[in-house]
Structure formats: structure tokens, C-alpha cells
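The values are calculated or read from the model by the stated rules, or taken from the named source; none is laboratory data. Remember, predicted model here, so these are calculated numbers, not experimental data. Here the Cβ positions follow ideal geometry from the backbone for every residue, glycine too, while neighbour counts run over all protein chains shown.
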Amino acid sequence: MSLRSTLAALAAVVTLALPLASSAQNLKMGYVDYQRVLLEVEDGKTAKARLQKWLDDRQKEIDKEQEALRKEKELLDKQASAMSEETRIQKATDLQKKILELAQKWDRYRAEAATKERQEMEPIVSKMDQVIAKLAERDGLSFVFERRDSGLIYAQTQYDLSNEVIRAYNALPKTATTKAPAPAPAPKDAPKK
């Protein structure tokens, strides 16, 4: 590359970089800790409480079944010497099958819990995004980053909008989308109580 073409390329780069550098001085940014906001807004607290109750109910069910299987194993171990080899193997196989079914049930509950959490949090996150957009417009922010997932390593706390988002979110009028889902109607042919 000749000196002339090198200088022309350098001039082009400088010409393009100057407007970007001057506009960068006008950029205002902020960040939000989504996880903290989700845990501290009223809708988030309510949703987490509903999810925790659902999880606790499932955990009690699993614990009860686990205890029953533990007792069944103890009984099998005590009676094993009095059983024929074929009966003992059959009972041990049945017990293993029940244990496997319980593990599969637990996996289904975990997957269902993840789905429920997404369903519960989706409307909250959507409202949070609207609140953040309004705050950004109000304050003339060019960018608002999510603290954990954006790759943000360090930022001064003065740019943290989390507290403002929590206050603004909680000040929003309550809507039906943030309340507990209504129970499903009973089938028409179900007996009346």
C-alpha cells in the first residue's frame, strides 16, 4: 500500500471516528439488577410465594412417597431370608421400579416448576421492561443494561436504576395479569358438592 493510500485510509477513519467520539460524550447509560428487582417488587414476591407453596406441596408428596419406599425396603430386608429366591428378586425388582418412578416424578415436577416460574415471571418482566423504558426516556438514557447478563463487570452505583425500577413498578396500578391464576372450571359432568 502506498503512502498516499495509507494517508487517505487514515483520514477516512479519523473522519468517521470524530462524529462517533463527539456523540459518545452525550451517551448516558444505566443498569438494572433484574434478579433483585424480581425479588423485591410486590408482584415478584407474590409470585415467588405461590411458586414456593407449589414446590413445598410437591416436596411433601415426594418425601411421603420416599418414606413409604424406605419402609418397604426395610421390610423387604427383614423378610428376605424367609422368602424364596424368586419372590425376593421379584419384590426387589418391584421396589427398584417404584424408586425409578419416583425419581421420574421428581424430574417432571422440576420441569413443571421451571415452566410455572417462566409463566409467573413473564408478565412481571414485561411490565419491568416497560417501567425501565419509561425511566430511560425520562432520564435521556441511551442504554440500560442488565447487570448480570450483560457482561457488565463494574459500574458506579449512581448508574444503578434498580431502586427506581422497584419504586416505579410497585406504584403501577394492579392488574389481573399479576394475580394468581383462577382455578379451572369443573367439568360439566362432574358431581356437584
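Residue-by-condition table, conditions (1) at pLDDT below 90; (2) touching a Pro at 6+ places or on another chain (Cβ under 9 Å); (3) surrounded by 10 or more Cβ atoms within 10 Å (Cβ to Cβ):
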| position | (1), (2), (3) |
| --- | --- |
| LEU10 | yes, no, yes |
| ASN26 | yes, no, no |
| TYR31 | no, no, yes |
| GLY44 | no, no, yes |
| LEU51 | no, no, yes |
| GLU65 | no, no, yes |
| ARG70 | no, no, yes |
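So that you can scan it fast, the table gives a plain yes or no per residue for (1) under 28 Å from ALA49 (Cα atoms); (2) not charged (D, E, K, R):
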{"position": "MET121", "(1), (2)": "yes, yes"}
{"position": "ALA133", "(1), (2)": "yes, yes"}
{"position": "PHE145", "(1), (2)": "yes, yes"}
{"position": "ARG148", "(1), (2)": "yes, no"}
{"position": "LEU152", "(1), (2)": "no, yes"}
{"position": "ALA155", "(1), (2)": "no, yes"}
{"position": "LEU161", "(1), (2)": "yes, yes"}
{"position": "GLU164", "(1), (2)": "yes, no"}
{"position": "ALA171", "(1), (2)": "yes, yes"}
Checked pairs for segment 93-104, first closer than 12 Å to GLU72 by Cα, second aliphatic (A, V, I, L, M), C-beta under 8 Å and 6 or more apart or across chains, list as LEU95/LEU69; LEU95/LEU76; LYS98/LEU69; ILE99/LEU69
Could you give every pair whose Cβ atoms fall below 6 Å, whose first residue belongs to segment 54-68 and is β-branched (Val, Ile, Thr), and whose second residue is surrounded by 12 or more Cβ atoms within 10 Å (Cβ to Cβ), counting only separations of at least 6 or pairs across chains? ILE62/TRP106
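What number of residues within segment 135-150 satisfy the criterion of being assigned to a helix (DSSP H, G or I) and surrounded by 12 or more Cβ atoms within 10 Å (Cβ to Cβ)?
Going through segment 135-150 one residue at a time, the tally reaches 3.
Can you tell me which residues in segment 72-97 are loosely packed, with under 15 Cβ neighbours inside 10 Å and charged (D, E, K, R)?
Matches in segment 72-97: GLU74, ASP77, LYS78, GLU85, GLU86, ASP94, LYS97.
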Have a look at ALA184, ALA155, ALA180 and point out the one that is of a type in the set (Gly, Ala, Ser), at pLDDT 80 or above and not in a strand (DSSP E or B). ALA155
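State the number of residues belonging to segment 124-153 that are among the aromatic types (Phe, Trp, Tyr) and within 18 Å of GLN35 (Cβ to Cβ). Walk me through how you get there before you give the answer.
So in segment 124-153, the residues among the aromatic types (Phe, Trp, Tyr) come out as 143, 145.
Of the ones still in play, those that are also within 18 Å of GLN35 (Cβ to Cβ) are 145.
Of the residues in that region, 1 qualify.
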Top-ranked residue of segment 98-130 - restricted to ones that are of a type in the set (Gly, Ala, Ser) and over 30 Å from LEU172 (Cα atoms), ranked as surrounded by the fewest Cβ atoms within 10 Å (Cβ to Cβ): ALA111
